[in-house]
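Everything on this sheet refers to the single structure shown next.
The values are calculated or read from the model by the stated rules, or taken from the named source; none is laboratory data. Because the structure is a prediction, the values reported are computed rather than measured. Please note: Cβ atoms are built from the backbone with ideal geometry, for glycine as well, and neighbour counts cover all protein chains shown.
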Amino acid sequence: MTTLRLKEGKHHRTRNGHLWVFRDELDTAAIPADLPAGTAVRVETSYGYDMGVGFWHPQSQIAVRLLRYNAEPDTDFFISRLRDALRLRERLFADEPAYRLCFGESDLLPGLIIDRYGDYCAVQHLSAGADLRAGMISDALQAVLPGLRGIIAKNDSQLRTKEGLTRTEQILFGEIPDTLTIRENGVQLDVSLLHGQKTGYFLDQRLNRKTVADYAHGLRVLDCFTNQGGFALNAAHGGAAETTGVDISADAIERCRHNANLNGFGQCTFIVADVFDYLKEQAQGGAQWDMVILDPPAFTKSKAAIPQAKRGYAEINRQALKLIPPGGFLVSSSCSHHITEEMLMEVITHESRRINRRLKLVHRGMQSPCHPIYLHMPETAYLKFFVFEVW
């Protein structure tokens with residue numbers, strides 16, 4: 001196995017637990033020119049301390065993704081890591097087995113995402129190292145979940161292009177039905193692994209949707225960027241008097257309506273519209289909602305776009321606040337990693353002052369525990385979630 005050496009003084013972050021070795025941290029003189037992407041390599045500090053094995057990439061700025069392991073990774077390695085990951089999820093969600101089984105670096109499996117939907121799994125190989133070992137990972141999944149009936153690779157993420165990988169989808173094992181039924185917080189959902197976004201459903205807001213259900217009893221609820229209706233349906237399950245979900249995707253809204261009917265939620269309405277335009281129209285028309293939920297897609301993928309993203313968050317939060325009467329609730333979220341909790345709070349506070357609203361923070365949430373935060377890597381923390389009472 002090839003051994004790569006860090007430059008002098010470049011070991012502190014990785015020795016403290018971070019799993020990424022950047023290209024400019026390596027002594028490039030000793031790196032073989034023909035070392036293929038995805039190769040397992042050993043990393044040492046400048047003074048010879050063994051940092052363990054990781055996956056190499058010759059072009060990516062993340063040159064090595066460390067595994068905290070000391071041998072060539074094989075099927076048994078993936079079985080061990082996946083069993084460790086499964087232990088946490090089964091403790092939390094034993095009765096509703098729909099969760100993120102593997103959250104990449106947080107489960108010490110860099111570049112690997114696995115979402116479980118009962119007897120089916122959706123996998124994303126986001127690094128060359130994980131992609132090269134797709135067969136091992138599939139075999140390991142079947143060993144860890146012996147009742148598994150199908151595995152689909154949802155390798156359509158843009159992140160793969162940074163690793164020189166093609167974007168594709170394929171069934172790796174068994175069969176994948178057009179739709180399958182899962183339960184989330186007692187709500188039934190038909191989801192599609194074949195046709196849904198990313199791995200089929202956004203599981204990271206699971207506990208935050210339960211929080212909304214706890215607050216929603218008797219309220220009129222507006223769920224913006226509803227996607228497949230998760231917040232609206234959970235609010236209805238919690239006893240909301242009326243829920244309206246808005247999304248620009250007609251296909252997503254059709255799935256929302258289907259799932260509302262599946263649960264017998266007659267108080268749910270779903271509308272195809274651009275949320276920015278819809279919020280302005282509602283505010284101009286003097287509409288009021290007891291709770292407005294904002295769960296937009298990521299407004300920025302880079303630090304350079306932070307100013308533009310903040311303007312987007314400012315706009316939707318300002319318009320939403322205009323719709324909420326005293327005693328109502330603003331639920332505001334961001335999944336943009338580069339927008340910190342402090343940034344989002346500052347934006348919301350500023351916009352509330354602009355239109356003479358006063359806010360009480362009554363709940364602060366984060367990503368579901370099936371998306372654990374690895375404390376040595378701030379990059380694994382990305383989801384911000386606030387519930388405010390409005391005055």
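Given (1) within 23 Å of Lys322 (Cβ to Cβ); (2) at pLDDT below 95, where does Thr269 come up short, assuming only one miss?
Answer for Thr269: the failing condition is (2).
Have a look at Ala241, Ala213, Ala250 and point out the one that is modelled with pLDDT of 95 or more, of a type outside the set (Val, Ile, Thr) and crowded, with 20+ Cβ neighbours inside 10 Å.
Residue meeting the stated conditions: Ala213.
Condition check: aromatic (Phe, Trp, Tyr) and not in a helix (DSSP H, G or I). Does Phe276 satisfy that?
Answer is no for this residue.
State whether one or more residues within segment 297-308 are buried (at least 18 other Cβ atoms within 10 Å of the Cβ) and more than 25 Å from Tyr201 (Cα to Cα). Steps first, please.
Kept after step one, since they are buried (at least 18 other Cβ atoms within 10 Å of the Cβ), are these residues of segment 297-308: 299-300.
Remaining after also requiring more than 25 Å from Tyr201 (Cα to Cα): none.
Scanning segment 297-308 turns up no residue that is buried (at least 18 other Cβ atoms within 10 Å of the Cβ) and more than 25 Å from Tyr201 (Cα to Cα).
Look through Arg83, Arg89 and report the one residue that is in contact (Cβ under 8 Å) with a residue 60 or more places away in the chain, surrounded by 18 or more Cβ atoms within 10 Å (Cβ to Cβ) and either closer than 18 Å to Ala140 by Cα or among the acidic types (Asp, Glu) (or both).
Details: Arg83 fails: surrounded by 18 or more Cβ atoms within 10 Å (Cβ to Cβ).
Every option except Arg89 fails the conditions.
Of everything in segment 253-268 that's among the polar types (S, T, N, Q) and surrounded by 15 or more Cβ atoms within 10 Å (Cβ to Cβ), which residue is farthest from Ser333 (Cα to Cα)? Full working, then the answer.
Here is the first cut: in segment 253-268, the residues among the polar types (S, T, N, Q) are 259, 261, 263, 267.
Now restrict to residues that are surrounded by 15 or more Cβ atoms within 10 Å (Cβ to Cβ): 259, 263, 267.
Numbers: Asn259: 23, Asn263: 26, Gln267: 24 Å.
Taking the candidates together, the pick is Asn263.
Residues of segment 18-64 being among the aliphatic types (A, V, I, L, M) and in a loop (DSSP other than H, G, I, E, B), which ones?
Leu19, Ile31, Ala33, Leu35, Ala37
Identify all residues within segment 214-268 that are closer than 16 Å to Ile293 by Cα, in a loop (DSSP other than H, G, I, E, B) and under 22 Å from the mean Cα position of the chain (by Cα); write none if there are none.
Phe225, Thr226, Asn227, Gln228, Gly229, Ile248
Just name the residue that is nearest to Thr243 (Cα to Cα) out of those in segment 294-320 that are of a type in the set (A, V, I, L, M) and outside any helix (DSSP H, G or I).
At the first step, the residues of segment 294-320 found to be of a type in the set (A, V, I, L, M) are 294, 298, 304-306, 309, 314, 316, 320.
Next, from what is left, pick out any that are outside any helix (DSSP H, G or I): 294, 298.
On the way: Leu294: 14, Ala298: 24 Å.
Here the answer is Leu294.
Could you please find all residues in segment 252-273 being in contact (Cβ under 8 Å) with a residue 40 or more places away in the chain and either charged (D, E, K, R) or touching a Lys or Arg at 6+ places or on another chain (Cβ under 9 Å) (or both)?
Matches in segment 252-273: Arg255, Phe270.
Among the residues of segment 123-179 satisfying the criterion of being outside any helix (DSSP H, G or I) and among the hydroxyl-bearing types (Ser, Thr, Tyr), which is farthest from Leu108 (Cα to Cα)?
The residue in question is Thr179.
Hey, can you tell me all the residues within segment 293-318 that are more than 21 Å from His363 (Cα to Cα) and touching a helix residue (DSSP H, G or I) at 6+ places or on another chain (Cβ under 6 Å)?
Across segment 293-318, the qualifying residues are Phe299, Thr300, Lys310.
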